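*Asks:* So that we are looking at the same thing, I have put the structure below in structure tokens.
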């Protein structure tokens, strides 16, 4: 009986991480960093080189240096995984979980599917200490995807594994390069952790690599953002372009914005999304009027655009459970549930469009 008990206990002990574990660290950019809209930036965790590209406001400059949508792929047989970071900008917003703003979100492949494993952050005073994400795993080789912080800037991201274990780059299974430019929705405000924005859910659901240029409050069809998109090596571009600008701004800027990008990239699909219904409209007559006018202007102009311009498309979105209207965090931004509904609402129409261009 004692021997049987010992045998039953063996797998647990074999996977148990030592109390005083020694870590070895590997810079994430030396593994396989995916989701970058511009492949070569002086800081590998920046989405845009803000020395090369000009015109950004101070806030936009900080946002494009944040690592929203970036993830590192690696394999390891370590029983524990940690992260040690050096931060630049550290965000402390009020309508988003800190674990999403400045923390890390780990997925591990299980039965062929990316499965949530653990997410964590720490106090600002401790932000550059070793952050243990997960421990007490078995010693089998694991395929890992670690999402970087959604709204903070990193100078260094080092992945820690148990001394003597293996860590090596994992080849990406995500196909093509699909840019997505958008508002706080696209960046992921109000998500619980950085892998739960609608572009990241869409990416896991479809296997298409999404390159996020979400900029909270600042996606207003500016020509200098068009310059960033034009310089990117991409197969298609998806836009959440009507969430931030007013109806008047949409009317003034939409067609010049399309024409600027199409002059440089005439053969790729440009897929515009209607902005979602904001729950602030439920009782505020001011919000209802403002949001309705934006949606109506987008509908009107996009009806013209899909006829006027080749390779331009318009798709509808939904981030609301119409039975309960409980899918918002702050009456503007969806919860994880709302973002899940959004990702699902655009999946079929966007995949149908992309198939026309051999993007599968």
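None of the figures in this text is laboratory data; all of them are computed from the coordinates on show. Predicted model, so just to flag it, every value in this text is computed and none were measured. Here the Cβ positions follow ideal geometry from the backbone for every residue, glycine too, while neighbour counts run over all protein chains shown.
*Asks:* Top mean-square fluctuation among 21, 312, 161, Gaussian network model of the chain, C-alpha springs under 10 Å?
*Replies:* 21
*Asks:* Moving on. Can you put 192, 184 in order of Cβ neighbours within 10 angstrom, beginning with the fewest?
*Replies:* Lowest to highest Cβ neighbour count: 192, 184.
*Asks:* Quick one, what does Rg over Rh come out to for the range 253-360 if you take C-alpha atoms and the Kirkwood Rh? Write out the running numbers ahead of the final one.
*Replies:* On the way: Rg = 15.7 Å, Rh = 15.4 Å.
Reported Rg/Rh (Cα atoms, Kirkwood Rh): 1.02.
*Asks:* Over all distinct alpha-carbon pairs, what is the Kirkwood Rh of the range 175-355 in angstrom?
*Replies:* 16.3
*Asks:* Given the C-alpha centroids of the range 338-359 and the range 189-209, what is the distance between them in whole angstrom?
*Replies:* 13
*Asks:* Can you give the translational diffusion coefficient of the range 153-214 in µm²/s, computed by Stokes-Einstein from the Kirkwood radius over Cα pairs at 37 °C and 0.692 mPa s? Walk me through the numbers on the way to the answer.
*Replies:* On the way: Rh = 13.8 Å.
Result for D is 238 µm²/s.
*Asks:* Starting from the exponent 0.38 and prefactor 2.2 Å, build the expected Rg for the range 73-121 from its residue count and divide its actual Cα Rg by it.
*Replies:* 1.37
*Asks:* Pull up the DSSP beta bridges for the chain and report the antiparallel fraction as a percent, rounded to 5. Working shown, then result.
*Replies:* Numbers: 39 of 56 bridges.
In the chain, approximately 70 percent of DSSP beta bridges are antiparallel ones.
*Asks:* Additional query: To the nearest 10 degrees, how steep is helix 285-308 against the longest Cα principal axis of the chain, on a 0 to 90 scale?
*Replies:* 80
*Asks:* At 20 °C and 1.002 mPa s, grab the translational diffusion coefficient of the range 110-202 from Stokes-Einstein with a Kirkwood Rh over Cα pairs, rounded to a whole number in µm² per second. Intermediate results must be reported in sequence, preceding the final value.
*Replies:* Values: Rh = 15.9 Å.
Taking Rh from Cα pairs, D becomes 135 µm²/s.
*Asks:* Tell me, in nm to one decimal, what length is gained between residue 355 and residue 204 on full extension, where the rule is 0.36 nm per residue of separation less the Cα-Cα distance?
*Replies:* That pair, residue 355 and residue 204, stretches by 52.6 nm at full extension.
*Asks:* Further, regarding this structure: Rank the residues 126, 111, 227, 138 as a footprinting-exposure proxy: fewest other Cβ atoms within 10 Å of their Cβ go first.
*Replies:* In order of increasing Cβ crowding within 10 Å: 111, 126, 138, 227.
*Asks:* For the range 285-329, count the residues as N, evaluate 2.2 N^0.38 Å, and divide the Cα radius of gyration by that value, please. Provide the component values of the computation, followed by the final result.
*Replies:* Values: Rg = 14.0 Å, N = 45, 2.2 N^0.38 = 9.3 Å.
So the range 285-329 has a normalised radius of gyration of 1.50.
*Asks:* Run the quick spin-label model on residue 49 and residue 141: label points 7 Å from Cα toward the beta carbon, then report their separation in nm to one decimal.
*Replies:* 3.5
*Asks:* Using the beta-carbon distance between residue 326 and residue 285 and R0 = 25 Å, what value does 1/(1 + (r/R0)^6) give for FRET efficiency, to the nearest 0.05?
*Replies:* 0.70
*Asks:* For the chain, set up a Gaussian network in which alpha carbons nearer than 10 Å are linked by springs, and say which option among 183, 79, 197 fluctuates the most.
*Replies:* Answer for the Gaussian network model of the chain: 79.
*Asks:* Top mean-square fluctuation among 315, 166, 72, Gaussian network model of the chain, C-alpha springs under 10 Å?
*Replies:* Greatest mean-square fluctuation among the candidates belongs to 166.
*Asks:* Cα atoms only: what Rg and Dmax, in Å, come out for the range 33-90?
*Replies:* Both quantities, over Cα of the range 33-90: 13.8, 46 Å.
*Asks:* Still on this model: At what distance in nm do the modelled label points of residue 231 and residue 267 sit from each other, each positioned 7 Å from its Cα along Cα→Cβ?
*Replies:* If labels sit at residue 231 and residue 267, their model points lie 2.4 nm apart.
*Asks:* Ordered by packing density, taken as the mean number of other Cβ atoms within 10 Å over each peptide's residues, highest first, how do 35-41, 168-174 rank?
*Replies:* For the peptides 35-41, 168-174, the packing ranking is 35-41, 168-174.
*Asks:* Arrange the following residues from fewest to most other Cβ atoms within 10 Å of their Cβ: 26, 275, 57.
*Replies:* 57, 26, 275
*Asks:* Write down the radius of gyration of the range 21-169 and its Dmax, each obtained from C-alpha positions, in Å.
*Replies:* When restricted to the Cα atoms of the range 21-169, Rg and Dmax are 15.3, 50 Å.
*Asks:* Using all Cα-Cα distances in the range 210-302, what percent lands in each 10 angstrom bin from 0 up to the longest?
*Replies:* 15, 47, 28, 8, 1
*Asks:* Can you give the convex hull volume of the alpha carbon atoms of the range 129-254 per residue, in Å³?
*Replies:* 150
*Asks:* Here is a further query. Direction-averaged shadow area of the convex hull around the Cα atoms of the range 179-236, nm²?
*Replies:* 4.1
*Asks:* Could you grab the Rg to Rh ratio for the chain? Cα atoms only, Kirkwood for Rh.
*Replies:* Values: Rg = 21.6 Å, Rh = 21.4 Å.
Rg/Rh for the chain comes to 1.01.
*Asks:* Let me check against my output: what whole-number percent is the relative contact order of the range 16-121, with C-alpha pairs under 8 Å and at least 6 apart?
*Replies:* It rounds to 20 percent for the range 16-121.
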